[in-house]
1. What ranking do 86-95, 108-117 get when scored by the average of other Cβ atoms within 10 Å per residue, highest first?
2. Take each of the peptides 51-58, 27-34, average the number of other beta-carbon atoms within 10 Å over its residues, and list them starting from the highest.
3. Mind giving me the nanometre distance, one decimal, between the label points for residue 58 and residue 118, set 7 Å out from Cα along Cα→Cβ?
4. For the modelled label position 7 Å from the Cα of residue 75 along Cα-to-Cβ, which residues of the stretch 97-123 have backbone nitrogen atoms closer than 15 Å?
5. Compute the relative contact order of the stretch 44-170 as a whole-number percentage, counting only Cα pairs closer than 8 Å that sit 6 or more residues apart in sequence.
6. Taking R0 as 45 Å, what's the FRET efficiency between residue 18 and residue 107 from their Cβ-Cβ distance, rounded to 0.05?
7. Quick check: the angle from helix 160-169's long axis to the longest principal axis of the chain, C-alpha only, nearest 10 degrees?
8. Restricting things to Cα coordinates, could you compute the convex hull volume per residue of the chain in Å³?
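Throughout, read-outs are computed from the coordinates displayed, never taken from laboratory work. Values in this document were obtained by computation on a predicted structure and should not be read as measured data. Don't worry about glycine lacking a Cβ; one is built from the backbone with ideal geometry, like all the others, and counts go over all protein chains shown.
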Ligand code: SF4
Ligand code: SF4
């Protein structure tokens, strides 16, 4: 080591200069943080967040519980239980088979979008919605109550904007 290196002082001063530089930049300059959730950052159009299970125009669930999304999922985050559609339930489920239980563990999910790509029924899509925070792990296992979109027009989840950008990118 040279004499200057042995006394450590220049290295200490250099480190302090870096700290002060970032300190004043954050105090007087553009801050790196936002006051979320009051202020929200713009996301890329292809951002992948909270999934939605879509319904068709008549309000019937598109998902037919084929399980392809679960097979495609690298994180093994999706589980489901299939059931046969009963007589009189034609207005609820589009196909003869449907998912009586459909769950995604959001703590396992890596938001890769492979479930969306694997789905042959246009039933599952990732949206630009952020998965809400929680203190309880079990609350991150989203069931159909958190995934299936509402029947009413105002409760439908629009996935067209994201899909348009994904298609253009391809
Ligand atoms: S986005 Fe990826 S990790 Fe998440 S549920 Fe779908 S396939 Fe699994
Ligand atoms: S979401 Fe799609 S791929 Fe997954 S079980 Fe339903 S129909 Fe099959």
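1. Answer by packing, highest mean first, reads 108-117, 86-95.
2. Ranking, from highest mean packing down: 51-58, 27-34.
3. 2.9
4. 103-117
5. 35
6. The pair residue 18/residue 107 has a calculated efficiency of 0.80.
7. 70
8. Value for the chain: 212 Å³ per residue.
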